[in-house]
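Some notes on the structure that comes next.
The values are calculated or read from the model by the stated rules, or taken from the named source; none is laboratory data. Treat the numbers as computed from the prediction; the structure is a model and nothing was measured. Cβ atoms come from the backbone with ideal geometry, glycine included; neighbour counts cover every protein chain shown. For accessibility, only protein heavy atoms count, side chains too; no ligands or nucleic acids. Shrake-Rupley method; radii C 1.70, N 1.55, O 1.52, S 1.80 Å.
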Amino acid sequence: MKVTALKLGLMSAAAALLATAVSAQDMSAFKTGPVFEDFGPHAPVEGVETFAPDTELAHSFDVAEPAKDGGRNRGFESAARFINMHVAHGVAKENIRAAVVVHGKAVHDLLSAEGWAAHDLEGENGSAAMVRAMLDQGVRFIVCGQSAAAYGVTKDELIEGVEMDLSAMTAHAKLQQRGYTVNPF
């Protein structure tokens, strides 16, 4: 059976419309909380048992991609989602240790208002309020010192509470020695 270019185009368009409809439908199940009410959406998953309250998780996130268009950094929000979904499924909040290791241009997303202005970045840091809320809940943010040096970022320009290490590699090595697993994506 010969399929014409027009038929292929119509089938592709129909598939795209279906994917958009399914995607929009799926997103309605995503909610924030219980730890971060303004970010970190997650969805319940049927058939998945809740975790025992004594479950302990230590997980680190590697973030190099900066936020887009003044928005929140998606990598940072992944850490919030990790916390929200596990607490929602039975893990005690105090049994979750999360760290976000930041390198590359994403170091700008950890600048304070003064640091943001000093680097002549447009608008405001759309990740700042989220980072402060996460720091308040014990999430560690660790800046790669090598990336900071490459982009001219100094420790005093960072949001209060953000740490700096020699490198992202160093930070990950130290976290792994303390039992943290690394987010694979």
Under 23 Å, Cα to Cα: Lys pairs in the chain, sequence gap 8 or more or different chains: 7
Accessible-area ranking of Met134, Met164, Met27, largest first, probe 1.4 Å: Met27, Met164, Met134
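Run the dipole for the range 82-185 about the Cα centre, Lys and Arg Cβ at +1, Asp and Glu Cβ at -1, nothing else charged, and hand back the magnitude in debye, nearest 20. Kindly include the intermediate steps, with their values, before the conclusion.
Working: 8 positive and 12 negative charges, 127 e Å.
Around 600 debye, computed over the range 82-185.
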Highest average packing first - 28-39, 84-95, 69-80, Cβ atoms within 10 Å: 69-80, 84-95, 28-39
Does the range 105-172 come out rounded, prolate or oblate by the C-alpha gyration tensor, with a ≥ b ≥ c the root eigenvalues, rounded set by a/c under 1.5 and, if not, prolate when a/b is larger than b/c and oblate if not? oblate
Shape category assigned to the range 58-142 from the gyration tensor of Cα positions, a/c cut at 1.5: prolate
For the chain, what is Rg from Cα atoms divided by 2.2 N^0.38 Å, rounded to two decimals? 1.24
Counting only DSSP beta bridges with both residues in the chain, tell me the antiparallel percent, nearest 5. 10 percent
Vicinal HN-Hα couplings computed from phi for the range 55-60 (Karplus, 6.51 cos²θ - 1.76 cosθ + 1.60; Hz; Gly/Pro x): 4, 10, 10, 10, 9, 10
For the chain, what is the charge dipole size about the Cα centre, in debye to the nearest 20, if Lys and Arg each add +1 at the Cβ and Asp and Glu each add -1 at the Cβ? 740 debye
When the helix-only estimate is applied to the chain (DSSP H runs of n ≥ 4, each -39,500 (n - 2.57), divided by the residue count), what is the mean residue ellipticity at 222 nm, nearest 500 deg cm²/dmol? -11500 deg cm²/dmol
Expressed as a whole percentage, what fraction of the accessible surface of the range 50-95 belongs to carbon and sulfur atoms when a 1.4 Å probe is rolled over the protein heavy atoms? 49 percent
